[in-house]
1. In the set GLU96, GLU117, which member is of a type in the set (Asp, Glu), under 15 Å from LEU43 (Cβ atoms) and away from the ligand (no atom under 12 Å from the Cβ)?
2. Of all helices (runs of 4 or more DSSP H) completely enclosed by region 1-93, which ones contain at least 2 residues that are within 16 Å of the ligand (Cβ to nearest atom) and closer than 21 Å to GLU160 by Cα?
3. Please go through region 169-190 and pick out each residue that is surrounded by fewer than 17 Cβ atoms within 10 Å (Cβ to Cβ) and either at pLDDT 95 or above or touching a Ser or Thr at 6+ places or on another chain (Cβ under 9 Å) (or both).
4. For region 42-55, enumerate the residues that are farther than 19 Å from TRP173 by Cα and either of a type outside the set (Val, Ile, Thr) or loosely packed, with under 15 Cβ neighbours inside 10 Å (or both).
5. Of the numbered conditions (1) among the hydroxyl-bearing types (Ser, Thr, Tyr); (2) under 29 Å from TRP128 (Cβ atoms); (3) more than 16 Å from the chain's Cα centre (by Cα), THR81 fails exactly one; give the number of that condition.
6. Only one of these is of a type in the set (Asp, Glu), near the ligand (Cβ under 10 Å from one of its atoms) and without any contact (Cβ under 8 Å) to a residue 60 or more places away in the chain: GLU159, GLU198, GLU155. Name it.
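The values are calculated or read from the model by the stated rules, or taken from the named source; none is laboratory data. These numbers come from a predicted model, not from an experiment. For neighbour counting, all protein chains shown are included, and Cβ atoms are generated from backbone atoms with ideal geometry for every residue, glycine included.
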Amino acid sequence: MNFLDIMRHRFACKLYDENKPLNREEIDEILEYGRLTPTSFGLEMWHFHAVVSKEKLKELYAVCYEQEGVRTSGMTVAILTKASKYLDPDGLFVYERGVRFPSDIDWYIEDYRPYHEFLKDTGRLEGWLRSQGYLAVANMMTGAQSLGIQSCAIEGFDEEGVLRVLDIDPKEWSLSLLCTFGHTVEEERPKIRVPLQELVTYH
Ligand SMILES: Cc1cc2nc3c(=O)[nH]c(=O)nc-3n(C[C@H](O)[C@H](O)[C@H](O)COP(=O)(O)O)c2cc1C
């Protein structure tokens, strides 16, 4: 299948075949699609929690408004982003991320500083952090479809509950979103989208 066909056939899967788990190779390939996803300033201010244990999936299901897709999935990935305190341009985290790039680290920090300032001043810092996870999920979902694995992004969750289930400190991390993966038991749902002519303004 070419990329467009893969996009056309991916659909939000709500129920998976529990007798067809994902193998380790498939799991790591999907996670690799996430790892290779770009982040703003290349900061990679995230961590992926890959949940495959039946017991944990059941606990997650309970804090995701009992969505069957979570309970029956072969893997549910939670994307966490670092607490905003770590994104300070003068902090160790930004230094450690920035120093990996060929450009001079002072230049990197001074380039980042005004953007960080802008995010803070406009109250967008938290939203900016959480939004990074959405790109990773988009790539993981499309990539999974290329392997014949279905998925569904999950925004319906109780953040406190998810952090508790995964034993994550809320002072250190925020939950961006979750995504389920597995082999579907559903019929493929046709795409419902507005046509390109309505969607796009060409300039
Ligand atoms: C960010 C995001 C969050 C979503 N959260 C949920 C969710 O919590 N539960 C659910 O059943 N579907 C969820 N969906 C699925 C959407 O409803 C679905 O992708 C949309 O209706 C388009 O359908 P399609 O993916 O089959 O093309 C989410 C989708 C996105 C992109």
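1. On the way: GLU117 fails: under 15 Å from LEU43 (Cβ atoms).
Matching residue, one of GLU96, GLU117: GLU96.
2. Numbers: elements: 3-9, 24-35, 54-63, 68-72.
Ranges flagged: 54-63, 68-72.
3. Initially, region 169-190 is screened for residues surrounded by fewer than 17 Cβ atoms within 10 Å (Cβ to Cβ), giving 169-172, 185-190.
Once the filter is applied, which keeps residues that are surrounded by fewer than 17 Cβ atoms within 10 Å (Cβ to Cβ) and either at pLDDT 95 or above or touching a Ser or Thr at 6+ places or on another chain (Cβ under 9 Å) (or both), region 169-190 yields ASP169, PRO170, LYS171, GLU172, VAL185, GLU186, GLU187, GLU188.
4. So in region 42-55, the residues farther than 19 Å from TRP173 by Cα come out as 52-55.
Within region 42-55, SER53, LYS54, GLU55 meet the criteria.
5. Unmet condition: (3).
6. Details: GLU159 fails: near the ligand (Cβ under 10 Å from one of its atoms); GLU198 fails: near the ligand (Cβ under 10 Å from one of its atoms).
Answer to the selection: GLU155.
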